[in-house]
Amino acid sequence: MRRLSAATAPRLAQIVADLGGELHGDGAVCIQAIAALEHAGVGDIAFLANPKLRAQLATTQASALIVRADCLALAQERGAAVIVTPDPYLYFARLTRWWAARTRKPAAVGVHPTAVVGERVQIHPSASIGPYAVIGDDVVIGEGAILGAQVCVGDMAEIGAFTRFAPGVRFLEGCRIGARGLLESGAIIGGDGFGFAPHQGTWEKIEQLGAVWIGDDVEIGANTCVDRGALDDTFIDDGVKLDNQIQIAHNVHIGKHTAMAGCVGVAGSAKIGAHCTFGGAAMILGHLEIADHVHISSASVVMRSLLKPGVYTGAFPIDENSNWEKNAATLRQLHTLRNRVRALEKQQNPTS
Amino acid sequence: MRRLSAATAPRLAQIVADLGGELHGDGAVCIQAIAALEHAGVGDIAFLANPKLRAQLATTQASALIVRADCLALAQERGAAVIVTPDPYLYFARLTRWWAARTRKPAAVGVHPTAVVGERVQIHPSASIGPYAVIGDDVVIGEGAILGAQVCVGDMAEIGAFTRFAPGVRFLEGCRIGARGLLESGAIIGGDGFGFAPHQGTWEKIEQLGAVWIGDDVEIGANTCVDRGALDDTFIDDGVKLDNQIQIAHNVHIGKHTAMAGCVGVAGSAKIGAHCTFGGAAMILGHLEIADHVHISSASVVMRSLLKPGVYTGAFPIDENSNWEKNAATLRQLHTLRNRVRALEKQQNPTS
Amino acid sequence: MRRLSAATAPRLAQIVADLGGELHGDGAVCIQAIAALEHAGVGDIAFLANPKLRAQLATTQASALIVRADCLALAQERGAAVIVTPDPYLYFARLTRWWAARTRKPAAVGVHPTAVVGERVQIHPSASIGPYAVIGDDVVIGEGAILGAQVCVGDMAEIGAFTRFAPGVRFLEGCRIGARGLLESGAIIGGDGFGFAPHQGTWEKIEQLGAVWIGDDVEIGANTCVDRGALDDTFIDDGVKLDNQIQIAHNVHIGKHTAMAGCVGVAGSAKIGAHCTFGGAAMILGHLEIADHVHISSASVVMRSLLKPGVYTGAFPIDENSNWEKNAATLRQLHTLRNRVRALEKQQNPTS
């Protein structure tokens, strides 16, 4: 991150005044940057969230530290000013937002003169529409919403208050997103679902007449796609976080506060619960159900409904290629191997 | 989908007049929406394609039903008007298209004044070019073609009649698509293939001098990429359907009416037959051949040519994480386990 | 590729004069196209890199051939003119670049009148900025750089000399790329990393305050994403080549000349060495380290650090679905099977 000059840097006491926490030491110290504990130097603020990394406190050069109460003494030994808080990682998250709000250039309020805006559009006067944006007819854009350069919004779409679209987002006809959302560049909301009826060896298109409904506080990553529903809407509930390069097919339902890492794919009509997590490149087949509080490991393929909370995994363990070749060859005969074991058991214990 | 008011809704008899089928019951009933059988209410038309779901007929509130002849009696018991047809799913597909044609706003014919159009471009007067589109030199755009907002078309590209590009499609230099195609937002046709010659530990670029050739009736999903060929063209034959987030590398050949679900990847120079299907996230390695009528399950990796029609699968079965850990550990020793079984067999049957 | 007419085609001697190699035969022959050896005809130049394909020399119709010294006699038997070089594939790579430089239309120098350019921007007079590009404030664009149509460059970004962005690239705030880079359409550099602090069942955003640092001679494929770092920058060193649809998460470090095929995913803070290769759809989990000269096979999942050079693989072998079903069922009991083998061993050899 860019370092602030000492002249423009905030003082620690200002951070504590805004974000809370218990200040120990010199509140007048200037904070020029946020840094990772192992790299932090003079003028930096750093945090310790994981007690296992407590040893890093012994050598840090940070001017200020965010720690739990049990690390206060250790942190003070370094001569740093200290903020004590029960959840340093959460404090760090809030500090990054505080920092961004102070240092990022605010978006220009109003509609850029090059934007093409349709008819009967309601744009809140505090909203910002960037250059070369294209807004369809009958669109509603809420208070403080920020639509970046080259965004495209389809007819009848609705965008909630303080929602932000990075440059190049496509948010197509009839789709709806609530408040405080964030769509990264290249995200495409409302492309056609993949639906065809087979007919004499060819595929006849099923027009996708539904849309996409997205709740409040949803984040959708770069180049991620959420398809419109065939008849009903695809549904992304409040607080869902989707990373980059994700594919959400038509009529999927994702419950509140579920998070998916990059490259995940979800096939049509899958119904995913709340508070789930999906590791990168997990794949979920269609027309199945996943309960609340299910956690899927990276690169695992969900082929059946998972109705019990828990952690599920299914990835081939990586190995040196020569070992893999031998094991993979045996794997292709695994059923036979089991039968051979059964035969041995029968032979050894003929009466069992 | 958006419901039509009773005033604007079509009558059932009109649907039958246009799409065929055998009408039983009141053709004057107003059809305000198409709905799934289990959700359908008064004013809705629904279909029953899967005879296993026949029980849903008993409780549906739909005003009209599309069924096979063997379900006519059951459908009529509900008091609904009925269309009898040998393939209700196909009828449904056609009904969605009929519906979309009646209810979607037609694209504005002509070239939007903000579009930048190159030299010697032939645009059919019935075609539609959206705002901020950029069209290169020597491009040909056919009758009734629709290019959405912010589309980019490279020099010498050709776009067939009635082909549609959603907003933000990039269709690059020298590429060609036939009639009645559909490219979803963010699709990129004609990016460089990934080709390099290794040289003293670095990579020297091989310029990709081919293009992409796409036949008629092809659909390509959102954020899907089809790379241009190194020397010859990458080739997508008639009727191919590609879902979102797919990667087609240079010089791949995909045969007629093959369909691929989201997140599939196909490496360079793979030759894929006609009438194949690929489940989501299937991966196909390069320089291999897949016969016609091969079906690859989701998340399966094709590492060798498959010259026999059939269904092929290769994905690790998902399990509770604790089970997976035990099984994965054993899998890494599978070859050894086989040897142990062999040793037991030898010991038990020393003469065999 | 497009064939040149005999009138505009270069002569072989011209190629040799520019690219070197030992000319045997008629340097006056016109070269109208580069072709694969098996398809080459009169007027074409082809190469033989793989000695195993030497038999193709016996039947080629190519007018000119690029071969190693040990194939000279065989090549001359066909009556073709011959370029002898120790590395025909490298020669071919250079020939494609020579060809592209001669035949591709050069980009228009200067800033297209429709481009929106911010304040305090330094654009080298030899650079080219395409229609509807949007360039933020305080951007630096080097000599000979080419930014295609509809590109978006964020504030304070830096783009090195002769670097090219295809149409629709998004290169966001504060990111930096060196000289001679190439970004394909839809590539997104500097989207937010995926970082949240859990809080009472919801996710609190960690603003991503770092950027992306990209060295010289880097190629990034279509629709590939490289996220900005949380605090420090995501780092892509010189000579790295990334194919399409790749996801590089925040704070990843990729060493010099490493290459990744399409659909690869790399999770946050992974540290990847130099001169590595990754097959398509390989997945690398976060916070791990991969040494220099590691080669990961397609569709393999790296779940732990790999500190030793070598080839690593972990993909489920594909099989006919019926076989897979039996083997997969057994795999879910593999640990039990091992215990059964152990029991048999114990029973058979009670004292061991």
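Summed over the range B:2-39, residues that are at negative phi and either under 27 Å from the mean Cα position of the chain (by Cα) or touching a residue at least 60 places away in the same chain (Cβ under 8 Å) (or both) total 19. Selection of the range C:337-352 for residues being buried (at least 16 other Cβ atoms within 10 Å of the Cβ) and either more than 7 Å from chain B (Cβ to nearest Cβ) or on the phi > 0 side of the Ramachandran plot (or both) yields C:Leu337, C:Arg340. Note on the range C:159-175: residues that are crowded, with 24+ Cβ neighbours inside 10 Å and touching a Leu at 6+ places or on another chain (Cβ under 8 Å) total 7. Evaluation of C:Ala197 against the conditions (1) outside any helix (DSSP H, G or I); (2) hydrophobic (A, V, I, L, M, F, W, C); (3) touching a residue at least 24 places away in the same chain (Cβ under 8 Å) shows that the sole unmet condition is (3).
Selection over the range C:118-146 of residues that are hydroxyl-bearing (Ser, Thr, Tyr), under 17 Å from C:Ala179 (Cβ atoms) and assigned to a loop (DSSP other than H, G, I, E, B) gives a count of 1. Screening the range B:132-158 for residues that are in contact with a Cys (Cβ under 9 Å, 6 or more places away or on another chain), away from chain A (no Cβ under 14 Å) and closer than 21 Å to B:Ala222 by Cα and picking the one that is surrounded by the fewest Cβ atoms within 10 Å (Cβ to Cβ) gives B:Glu158.
Scanning the range A:301-336 for residues that are in a strand (DSSP E or B) and crowded, with 18+ Cβ neighbours inside 10 Å gives A:Val301, A:Val302, A:Leu306, A:Tyr312, A:Thr313, A:Asp319.
Across the range B:316-331, the number of residues qualifying as facing chain A (nearest Cβ under 8 Å), more than 13 Å from A:Ile296 (Cα to Cα) and among the polar types (S, T, N, Q) comes to 0. Taking the conditions (1) under 19 Å from the mean Cα position of the chain (by Cα); (2) touching a residue at least 60 places away in the same chain (Cβ under 8 Å) in turn, C:Cys263 satisfies each one other than (2). Residues in the range A:227-246 that are among the polar types (S, T, N, Q) and touching an Asp or Glu at 6+ places or on another chain (Cβ under 8 Å): A:Thr234, A:Asn244.
Taken together, the residues in the range A:249-275 that are within 10 Å of chain C (Cβ to nearest Cβ), part of a loop (DSSP other than H, G, I, E, B) and closer than 17 Å to B:Gly262 by Cβ amount to 4. Whether a residue is more than 22 Å from C:Arg104 (Cβ to Cβ) and modelled with pLDDT of 95 or more was assessed, and C:Gly41 does not pass this test.
Against the list (1) crowded, with 22+ Cβ neighbours inside 10 Å; (2) in contact (Cβ under 8 Å) with a residue 12 or more places away in the chain, the condition B:Val109 fails is (1). Against the conditions (1) under 22 Å from C:Asn223 (Cβ atoms); (2) of a type outside the set (Lys, Arg); (3) more than 22 Å from the chain's Cα centre (by Cα), C:Phe165 satisfies every one except (3). Looking only at the range A:207-220, filter to residues that are among the aliphatic types (A, V, I, L, M) and within 14 Å of chain C (Cβ to nearest Cβ); which one of those is farthest from C:Arg170 (Cα to Cα)? Taking the candidates together, the pick is A:Val218. One residue alone among B:Leu331, B:Leu337 is out of contact with any Lys or Arg (no Cβ under 8 Å at 6 or more places or on another chain), among the aliphatic types (A, V, I, L, M) and outside the structural domain of B:Thr234 (by TED's automatic domain parsing), and that residue is B:Leu331.
Checked against (1) in a loop (DSSP other than H, G, I, E, B); (2) under 30 Å from C:Leu172 (Cβ atoms); (3) assigned by TED's automatic domain parsing to the domain that holds C:Leu37, C:Arg97 passes all but a single condition, namely (1). Answer yes or no: is there a residue in the range A:5-21 that is outside the structural domain of A:Ser128 (by TED's automatic domain parsing), of a type in the set (Val, Ile, Thr) and touching a Ser or Thr at 6+ places or on another chain (Cβ under 6 Å). So far as the range A:5-21 goes, no, none of its residues is outside the structural domain of A:Ser128 (by TED's automatic domain parsing), of a type in the set (Val, Ile, Thr) and touching a Ser or Thr at 6+ places or on another chain (Cβ under 6 Å). Scanning the range A:276-285 for residues that are assigned to a loop (DSSP other than H, G, I, E, B) and under 16 Å from the mean Cα position of the chain (by Cα), we see that the one that is nearest to A:Asp233 (Cα to Cα) is A:Cys276.
Residues that are among the aliphatic types (A, V, I, L, M) and farther than 21 Å from C:Glu204 by Cα are absent from the range A:83-103 altogether.
Restricting to the range A:124-144, count the residues that are over 22 Å from B:Pro167 (Cβ atoms) and either in contact with a helix residue (DSSP H, G or I) (Cβ under 7 Å, 6 or more places away or on another chain) or polar (S, T, N, Q) (or both). Residues in the range A:124-144 being over 22 Å from B:Pro167 (Cβ atoms) and either in contact with a helix residue (DSSP H, G or I) (Cβ under 7 Å, 6 or more places away or on another chain) or polar (S, T, N, Q) (or both): 1 in total. Checked against (1) surrounded by fewer than 24 Cβ atoms within 10 Å (Cβ to Cβ); (2) in contact (Cβ under 8 Å) with a residue 60 or more places away in the chain, B:Gly210 passes all but condition (2). For B:Pro167, are the conditions met, namely being in a loop (DSSP other than H, G, I, E, B) and either free of Cβ contacts under 8 Å to residues at least 24 places away in the same chain or within 21 Å of C:Gln245 (Cα to Cα) (or both)? Yes, satisfied. If the condition is being more than 7 Å from every other protein chain (Cβ to nearest Cβ), farther than 20 Å from C:Thr202 by Cα and surrounded by 23 or more Cβ atoms within 10 Å (Cβ to Cβ), then the range A:276-300 contributes A:Ala282, A:Ile284.
Filtered by the rule that a residue be small (Gly, Ala, Ser) and in contact with a strand residue (DSSP E or B) (Cβ under 7 Å, 6 or more places away or on another chain), the range C:1-22 gives C:Ala6, C:Ala9, C:Ala13, C:Gly21. Criterion first (in a loop (DSSP other than H, G, I, E, B), surrounded by 24 or more Cβ atoms within 10 Å (Cβ to Cβ) and at the interface with another protein chain (Cβ under 7 Å from one of its Cβ atoms)) does C:Asn223 satisfy it? Judged against the criteria, C:Asn223 is a match. Checked against (1) facing another protein chain (nearest Cβ under 7 Å); (2) buried (at least 24 other Cβ atoms within 10 Å of the Cβ); (3) assigned to a strand (DSSP E or B), B:Ile189 passes all but a single condition, namely (1). The one condition from (1) surrounded by 22 or more Cβ atoms within 10 Å (Cβ to Cβ); (2) in contact (Cβ under 8 Å) with a residue 40 or more places away in the chain that A:Lys256 does not meet is (1).
The values are calculated or read from the model by the stated rules, or taken from the named source; none is laboratory data. Bear in mind that the values here come from a model prediction, so they are computed numbers and not experimental data. Neighbour counts run over all protein chains shown; Cβ positions are idealised from the backbone, glycine included.
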